[in-house]
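Asker: The structure's right below; bear with me while I get my questions together.
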Amino acid sequence: MEFYILLFSFFFIALIYSSVGFGGGSSYLALLALPIFALAFPVIRSTALFCNIIVVTGGVIIFYKEGKIFLREIWPYFVSSIPMAFIGGFWPIKENTFFILLGFTLLVVPFLLWFQPEDIANDKEPIVTESNVVKITLGSVIGLLSGLVGIGGGIFLSPILHIFRWSDAKRISALASVFILVNSIGGLAGQFNRGVPDLNWKLVLPLLIAVFVGGQIGSRLGAQQFNPLYIKRITAVVILVAGLNILKDHI
């Protein structure tokens, strides 16, 4: 029964997150870190990144076809984030340190989930263009954290870009999708460079199928047809509780 609940939860998370250009890595981590599943932390990180890649790939393809991805504007984020995500994935982090870092990350994520991009994007204030230095710095910091914890980093990047008035909501979602994809691949490459974790494919494969189906539906619905505001806020509360619970057990 626990497995089927996990399977449906992954499908639902992928559906909600993909509608706004996210992969759902933080929520996958929160669920997989539950003691009931007794998974080793390398398996938790790798599984979350695999799910991220599956979910956002579909969104990236759709955004590309819609003409929302502009390489000349987004390359500075990737030139720094990809190697830093690799370093974060390769870094020999201890299990207790990982869970403490994950717990604090899950305390920050709920506030970002509560953030409603459409409200800011609909304001009439002018869009501000960021310098390449800001983009490279931002990409490197988020990329390192992404690799260490096992997330794509879009949940951090997207609200910051809205605050900076980087662009409209649709193009920021497109950037977040590409950012999550490349960082997830970079982080996974770093982890595998240290050694392939002993993944239980009887568990992982059904989860990948669930997030693939959910991601395909969510990417096509998009934020314009499907407003996940209230569900995102419920998810934020759940993640906050998970983060506090993880810190309680490891501090």
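The values are calculated or read from the model by the stated rules, or taken from the named source; none is laboratory data. Here the structure is a predicted model, which is why all the values come from computation and not from measurement. Neighbour counts are summed over all protein chains in view; Cβ atoms, including those assigned to glycine, are modelled from backbone coordinates with ideal geometry.
Asker: Which number in (1) surrounded by 24 or more Cβ atoms within 10 Å (Cβ to Cβ); (2) within 19 Å of residue 68 (Cβ to Cβ); (3) of a type in the set (A, V, I, L, M, F, W, C) marks the one condition that residue 151 misses?
Answerer: Failing condition for residue 151: (2).
Asker: For the subset of the range 187-201 comprising residues that are modelled with pLDDT under 90 and not in a loop (DSSP other than H, G, I, E, B), which member is nearest to residue 89 (Cα to Cα)?
Answerer: If we take residues in the range 187-201 being modelled with pLDDT under 90 and not in a loop (DSSP other than H, G, I, E, B), then 194 is nearest to residue 89 (Cα to Cα).
Asker: Could you check, for the range 106-120, whether at least one of its residues is at pLDDT 85 or above and either basic (Lys, Arg) or surrounded by fewer than 20 Cβ atoms within 10 Å (Cβ to Cβ) (or both)?
Answerer: Checking the range 106-120: at least one residue is at pLDDT 85 or above and either basic (Lys, Arg) or surrounded by fewer than 20 Cβ atoms within 10 Å (Cβ to Cβ) (or both).
Asker: Could you give me the residue pairs with C-beta distances under 7 Å whose first residue belongs to the range 21-34 and is at pLDDT 85 or above, whose second residue is assigned to a loop (DSSP other than H, G, I, E, B) wherever it lies, and which are 6+ apart or on separate chains?
Answerer: 23/152; 25/150; 25/151; 25/152; 26/151; 29/150; 29/151; 32/39
Asker: Which of the following residues is at pLDDT 90 or above, assigned to a helix (DSSP H, G or I) and more than 17 Å from residue 43 (Cβ to Cβ): 204, 178, 237, 241?
Answerer: On inspection, the qualifying residue turns out to be 178.
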